[in-house]
Amino acid sequence: MTVALTRAEPTPRLVTIVRWLVVILLGQMATVMIVTAVQQTPTIDEPVYVGTAVTYLDQHSLRYNPEHPPLGKLIIAAGLALADPRMDPGFDGNQSELGRHVLYEAGNEPGLLMLLARAPMIVLTLLFGLVVFAFARDLTNPAGGLLALSLYAFSPDVITHGSLATLDLPAAGFLLTAVWLTWRARNAGPWPYLIMAGVVLGFALATRASALPAVPAIMGLAFWGVRRWLAPLVVAVAATAVVWLSHLAVDPGLHWVTPDGLPDIHGWRSVLTDLLPFPQAYRDGMRLQFGMEDTTFRGFLFGQRYEGARWYYLPAALLVKTPLGMLALWAAAVVAVIRRPAAVYLLAPPVLLLAVAMTGARNYGTRYAIVVPLFLAVAAAGLVVVRHRWVSAVAVVLAVSVAVSSISTFPYYLPYSNEAFGGTAHTHRNLHDANVDWGQDLGRLARRLRTEYPGEPVWLVYKGAGVPQAYGITARDPLQVPSTEVRGLLVVSNSAVALARGPLAGLLASSGAPIDQVGHSMSIYRREP
């Protein structure tokens, strides 16, 4: 990729065509994200964020969900404010109970609240699409911008997490934006861009603490670009100010009280947490996250259950859940940019963040590596300025194949897998949790039971945060009775199937093959008398 590419100024007609193509790409993305947001019921994490956002509006308290900084939930709160959500002022449960209370017990309409919570994230995801286009265009030309935007707009992972009221995509998008602004500081008056880069980096840090490893990288890029020692300091000061302001926006008095039972951390973790110039609530949240990293979780990969984490889990999951054409374009992009000045901007941040994520204790989904499709979409723009014309032609063909693969999975983007691994219908055989079954299909299950299996007894093993009764599902727990009494329809979340052991494993073994699938995330079995 070259930034010294000589090119003629685009004609007004070409500018108009490019603008319309950008509108079309983002328009289709907006459409599928809105449809997905409407059809999916709450995923496992969303009720906690929604409940916490309501307490921000109602109580101005940082008490709930301290393991994540407040900015992402403030963005969610901006949508929820339109509904004036209710909650019991005397509520005193934990954060999981809070989400259930706000959505299902306080007199709110859960479907409306979820749509309003997801709407700001959809808008933000579309704005990040403009960043992808602008960054790629700055590095190459409008054709490169369109190639990058097409990969972003058709990425099943980006569509999935961009249509949820969660924190992964916003944090990644803010990091990409910060890197783009540090790049722009190279070729223009640097200080306004560096201040903006610091502010947006602060947005990322105030959304997820997992953005912290990117701080030295972006500070280094700021120095690398302008060769002034003041540059990284400007970025750091601006980012720190934003983190403080995000906490003050919730609780101007910062009436934070360190919760009881905070995990004990030692070594470099303790030193890092103590040295951070952030509010105590932020640092206590990091302690909670580090405590989770010391926990042993169960995993599932390529049909195998295991305890703990596997270092290669995230690359393997990306291999399954990324369209084949996109994988090819990513590989070609790395080759195309590796010796170019932009390589350190496009490759270093996602490689660093992926490497850190690979050391994590939770093998739960590609959402922990969502920075990869964002940065590599921009990197792929470098293919349009390769001297050989056939490269551009092949890139276009591969981009079309990505679009076809993405459209073919509509509206089931969350459980998507590429054709080499059997497609979306077979993802549950290779992966679990947020890769395929995050509790998102209670509404679809209710409709399926009502239309296809009316009046039949239902037994349900559901892995999620929704309340089945709220969607008209009347079901019993098959694990509370002898297996011989379980007769009728047995519905099991596919993540529960993947990790089944003990009584559930025995129940599944005696149930035969599934007779139906709901949203590719739930299996329906028929147990005959």
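The values are calculated or read from the model by the stated rules, or taken from the named source; none is laboratory data. Quick caveat: nothing in here was measured; it's all calculated off a predicted structure. Every residue, glycine among them, receives a Cβ derived from its backbone with ideal geometry; neighbour counts consider all protein chains shown. Keep in mind that these areas ignore ligands, DNA and RNA; they rest on the heavy atoms of the full protein, side chains included. Shrake-Rupley method; radii C 1.70, N 1.55, O 1.52, S 1.80 Å.
Annotations
- Helical runs assigned H by DSSP (4 residues or longer) give the chain a calculated mean residue ellipticity at 222 nm of -17500 deg cm²/dmol, each run adding -39500 (n - 2.57) before division by the residue total.
- Each Lys or Arg adds one and each Asp or Glu takes one away; over the other residues whose Cβ falls under 12 Å from the Cβ of Arg476, this sums to -1.
- In order through segment 317-323: 3J(HN,Hα) via Karplus (6.51 cos²θ - 1.76 cosθ + 1.60), integer Hz, x for Gly, Pro: 5, 4, 4, 6, 9, 10, x
- Here the Karplus curve 6.51 cos²θ - 1.76 cosθ + 1.60, taken at θ = phi - 60°, turns the phi angles of segment 335-340 into couplings of 4, 5, 9, 4, 9, 9 Hz, with x standing for Gly and Pro.
- Cα centre as origin, Lys/Arg/Asp/Glu Cβ charges: the chain dipole, Debye: 1880
- Residue (of Ala77, Asn94, Val123) at the positive-pole extreme of segment 45-129, dipole from beta-carbon charges: Val123
- Taking a ≥ b ≥ c as the square roots of the eigenvalues of the Cα gyration tensor, segment 17-146 is prolate, since a/c reaches 1.5 or more and a/b is larger than b/c.
- Size check on segment 413-529: the Cα extents along the three principal axes, sorted descending, read 40, 29, 24 Å.
- Using alpha-carbon coordinates, inclination of helix 12-39 to the longest axis of the chain, degrees: 20
- Measuring r between the beta carbons of Ile338 and Leu272 and using R0 = 30 Å, the FRET efficiency lands at 0.45.
- Segment 275-407 shape via C-alpha gyration tensor axes, a/c threshold 1.5: oblate
- Protein heavy-atom accessible surface, 1.4 Å probe, per residue over segment 146-299: 38 Å².
- Nonlocal amide H pairs with Gly93, under 5 Å, H built at 1.01 Å: none
- nm² value of the averaged projected area, convex hull over the Cα atoms of segment 212-343: 12.5
- Cα centroid of segment 244-287 to Cα centroid of segment 334-360, whole Å: 30
- Heavy-atom accessible surface of segment 43-102: percent carbon and sulfur, 1.4 Å: 48
- Heavy-atom accessible surface of segment 160-299: percent carbon and sulfur, 1.4 Å: 67
- Computed extension gain for Ala78 through Trp191, at 0.36 nm per residue and net of the alpha carbon distance, reaches 37.6 nm.
- For segment 95-165, the Kirkwood estimate of hydrodynamic radius, built from reciprocal distances between every pair of different alpha carbons, is 14.0 Å.
- Under the Karplus curve 6.51 cos²θ - 1.76 cosθ + 1.60, θ = phi - 60°, whole-Hz ³J(HN,Hα) for segment 514-524, x wherever Gly or Pro sits: x, 9, 6, 10, 10, x, 6, 10, 9, 10, 10
- Overall form of segment 107-238 per C-alpha gyration tensor (a/c, 1.5; a/b vs b/c): oblate
- Among Ala331, Pro42, Thr366 the positive-end extreme of the charge dipole of the chain (Cβ point charges): Ala331
- Cα-based Rg of segment 470-529 normalised by 2.2 N^0.38 Å, two decimals: 1.07
- Leu212 - accessible surface, heavy atoms, 1.4 Å probe, Å² rounded to 10: 30
- Answer label, with semi-axes √(5λ) of the Cα gyration tensor in Å calculated from the coordinates and candidates (1) 44, 26, 23; (2) 45, 28, 20; (3) 39, 29, 21: (3)
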